[in-house]
Amino acid sequence: MVNPRAWLAEAIATYALTFFGPLSITMSAVVLGSGLTIDSLLIISLGHGAAIGIMIYAFGHVSGAHINPAVTIAMMTTKRMNLKDGGGYIISQIIGAIAAAASHAAILPTAGAKVNFGTQGGPSDLLEKSAAAGFAVEAILTFFLVTTIYMAAVHRKAAAGFAGIAIGGMIFLLHLVGVPLTGASMNPARTFGPAVISGYWDFHWIYWAGPIVGALIAAFIMEYVYVKKTEKEMLKPVAD
């Protein structure tokens, strides 16, 4: 079933992530600080984790709060949503991300430009600028993000009411370790929106390929090893 209300929810939720996440980068690394420090890393991680966690509680009951094309592609591939709705989700996520980056540029044009409005800058010196290493990092980070989504939000026996905390917490953790390596995108829309506004496209492909590959691997393992098995068990008739 095509659901435009869910599409709007995805646009708003992705706007929130792509506005508050990159804004935390501009404020901590440029306005209040000087580059990537322990303090700024904590603020950036918290900004992204809180945005995701809060949007899950705000819109999870409307759209599932994917907020990420890689997550939506994983859901479509495991047949948890149809192609038309999935396509609407992805378009809405991209529109929300571009609008958020444009808002960032309008509010802080000079300061924001110094960090390309939050566009991930490719594999860092720690990875020796290796695109292959950057791709691997993004795939691994997204694998654990999507694993958490399936086990905390999709699994029928997941603890009720804790999806936002679990997924937001995982986003916080992944940013703590991933920001110094690749910028920790894990989300093609989150990188694409700021890239459109900043014009910074270096290594852009890894922020699509890595998250999508990582999401698909996680989705297939979680769906067919854990989620489906539990659903089948729950559908079995109870013996008299």
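The values are calculated or read from the model by the stated rules, or taken from the named source; none is laboratory data. Fair warning: this is a prediction, and the values are worked out from it, not measured in the lab. Ideal geometry is used to build each Cβ from the backbone, glycine not excepted, and the neighbour counts take in all protein chains shown.
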- Is one or more of the residues making up segment 2-22 among the basic types (Lys, Arg), under 21 Å from residue 215 (Cβ atoms), out of contact with any Cys (no Cβ under 6 Å at 6 or more places or on another chain) and in a helix (DSSP H, G or I)? no
- Wholly within segment 70-160, helices (runs of 4 or more DSSP H) carrying at least 2 residues that are over 23 Å from residue 218 (Cβ atoms) and either touching a residue at least 60 places away in the same chain (Cβ under 8 Å) or not charged (D, E, K, R) (or both): 83-107, 109-113
- Query: Within segment 182-195, is there a residue that is more than 27 Å from residue 108 (Cβ to Cβ) and of a type outside the set (Gly, Ala, Ser)?
  - Reply: no
- Note on the structure: Note on segment 161-194: residues in contact (Cβ under 8 Å) with a residue 60 or more places away in the chain, part of a helix (DSSP H, G or I) and not aliphatic (A, V, I, L, M) are 164, 168, 169, 172, 175, 188, 190, 191, 192, 193, 194
- Among (1) touching a helix residue (DSSP H, G or I) at 6+ places or on another chain (Cβ under 7 Å); (2) farther than 21 Å from residue 108 by Cα; (3) buried (at least 16 other Cβ atoms within 10 Å of the Cβ), residue 44 falls short only on (2)
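State which residue is farthest from residue 139 (Cα to Cα) when the search covers only segment 178-202 and only residues that are of a type in the set (A, V, I, L, M, F, W, C) and under 15 Å from the mean Cα position of the chain (by Cα). Lay out the reasoning, then the answer.
Step one: list which residues in segment 178-202 are of a type in the set (A, V, I, L, M, F, W, C), which gives 179, 181, 184, 186, 189, 192, 195-197, 201.
Keeping just the survivors that are under 15 Å from the mean Cα position of the chain (by Cα) gives 179, 184, 186, 189, 192.
Working: 179: 14, 184: 10, 186: 8, 189: 15, 192: 17 Å.
Per the stated criteria, the residue is 192.
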- With the checklist (1) among the β-branched types (Val, Ile, Thr); (2) modelled with pLDDT of 95 or more; (3) out of contact with any Leu (no Cβ under 9 Å at 6 or more places or on another chain) in hand, flag the one item residue 179 doesn't pass. (3)
- Query: Could you count how many residues in segment 81-110 are at pLDDT below 95 and surrounded by fewer than 17 Cβ atoms within 10 Å (Cβ to Cβ)?
  - Reply: 3
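Against the definition (part of a helix (DSSP H, G or I) and modelled with pLDDT under 95), how does residue 229 come out, yes or no?
Values: part of a helix (DSSP H, G or I): yes; modelled with pLDDT under 95: yes.
Yes: the conditions hold for residue 229.
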